[in-house]
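The values are calculated or read from the model by the stated rules, or taken from the named source; none is laboratory data. Keep in mind it's a predicted model, so treat the numbers as computed, not measured. Don't worry about glycine lacking a Cβ; one is built from the backbone with ideal geometry, like all the others, and counts go over all protein chains shown.
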């Protein structure tokens, strides 16, 4: 790992109950029933630690805090670690690709 490559993208599976949230539902008008609902983020922390912080309410996204189930490393591990700039790009790119695949996606 190069010195600057210390950022990560990560994907958290959300309970499908998040689909009852109007804001989430509006953001996912092309959601395909049966596909996972996920949160896509980026961090300078280990993704496991970042997930724990979300669940503990520390710099948490509300959907992750309320509906987060587990990390889905099979969707992001191959990309990590990376530079801050690459992580910023990859967070958006990964969210777009998952939404195009029919996932319910929140990315903030």
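Computed values, structure above
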item	result
Residue that is surrounded by the fewest Cβ atoms within 10 Å (Cβ to Cβ) [pool: residues in region 55-95 that are farther than 15 Å from residue 12 by Cα and out of contact with any helix residue (DSSP H, G or I) (no Cβ under 9 Å at 6 or more places or on another chain)]	78
Test result for residue 5, over 14 Å from residue 95 (Cβ atoms) and either part of a helix (DSSP H, G or I) or within 16 Å of the chain's Cα centre (by Cα) (or both)	no
Selection within region 96-106 - crowded, with 20+ Cβ neighbours inside 10 Å and not in a helix (DSSP H, G or I)	103, 104, 105, 106
Region 47-70 residues that are outside any helix (DSSP H, G or I), paired with ones that are modelled with pLDDT under 95 and loosely packed, with under 15 Cβ neighbours inside 10 Å (beta carbon under 9 Å, 6 or more apart)	61/108
Matching entry among 40, 11, 18 (being part of a helix (DSSP H, G or I) and in contact (Cβ under 8 Å) with a residue 40 or more places away in the chain)	18
